[in-house]
Amino acid sequence: MIAAMTHDDAAAVLAAEDRRYQAMLDGDLDALDQLCADALSYTHSNGVRDSKAEYFAKLRDGYYVYHRIDHPVERVEVSGDAAVVVGRMTADLDSGGVRKSIDCLAIAVWTRSAEGWRLLAYAPTPVAA
């Protein structure tokens, strides 16, 4: 059965999105694990795409260390058990030991599960300088 979109769905997705970014900043892999689907496809601003296992291994090893993340949302579209968050993501982070600042347009795809909304895919596109 496909659930009808409600304001509550959009609010729940936005809350999950906020918790995800906070878990990234905190290095809280347990919280992040609960927010990410097992089939996660995580694309980075440099075009590298990781599976959930690959991304989490990099986080555990300190390859990615986030210092600041801002993620203004332009809109949330919920259709049945899927949701798309369209917005922007700017961040200061260490990537492979190199300090970087990134500015990207971003799309996050969320899916509804028995445990709540979980991130299925993330795709940033760097903003042209």
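Laid out as a table, the results:
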{"item": "Filter result for Lys52 (among the basic types (Lys, Arg) and within 14 Å of the chain's Cα centre (by Cα))", "result": "yes"}
{"item": "Failed condition for Lys52, given (1) charged (D, E, K, R); (2) open to solvent by less than 40 Å² (accessible area, probe 1.4 Å); (3) within 21 Å of Arg99 (Cβ to Cβ)", "result": "(3)"}
{"item": "Residues of the stretch 55-80 satisfying the condition of being open to solvent by less than 40 Å² (accessible area, probe 1.4 Å) and of a type outside the set (Ser, Thr, Tyr)", "result": "Phe56, Ala57, Leu59, Gly62, Ile69, Val76, Val78, Gly80"}
{"item": "Count - residues of the stretch 102-127 that are open to solvent by 40 Å² or more (accessible area, probe 1.4 Å), small (Gly, Ala, Ser) and under 16 Å from Tyr21 (Cβ atoms)", "result": "1"}
{"item": "Residue check for Ser95: open to solvent by less than 60 Å² (accessible area, probe 1.4 Å) and either of a type in the set (Asp, Glu) or touching a strand residue (DSSP E or B) at 6+ places or on another chain (Cβ under 7 Å) (or both)", "result": "yes"}
{"item": "In the stretch 59-80, the residues that are assigned to a strand (DSSP E or B) and under 18 Å from Thr43 (Cβ atoms)", "result": "Tyr64, Tyr66, Ile69"}
{"item": "The stretch 81-92, residues that are part of a strand (DSSP E or B), open to solvent by 30 Å² or more (accessible area, probe 1.4 Å) and either within 14 Å of Leu119 (Cβ to Cβ) or not acidic (Asp, Glu) (or both)", "result": "Ala82, Val84, Arg88, Thr90"}
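The values are calculated or read from the model by the stated rules, or taken from the named source; none is laboratory data. None of these values were measured; they are calculated from a predicted model. Note that each Cβ is placed from the backbone with ideal geometry, even for glycine, and that neighbours are counted across all protein chains shown. Each accessible area value is taken on the protein alone, full model and side chains, heavy atoms only, with ligands, DNA and RNA left out. Shrake-Rupley method; radii C 1.70, N 1.55, O 1.52, S 1.80 Å.
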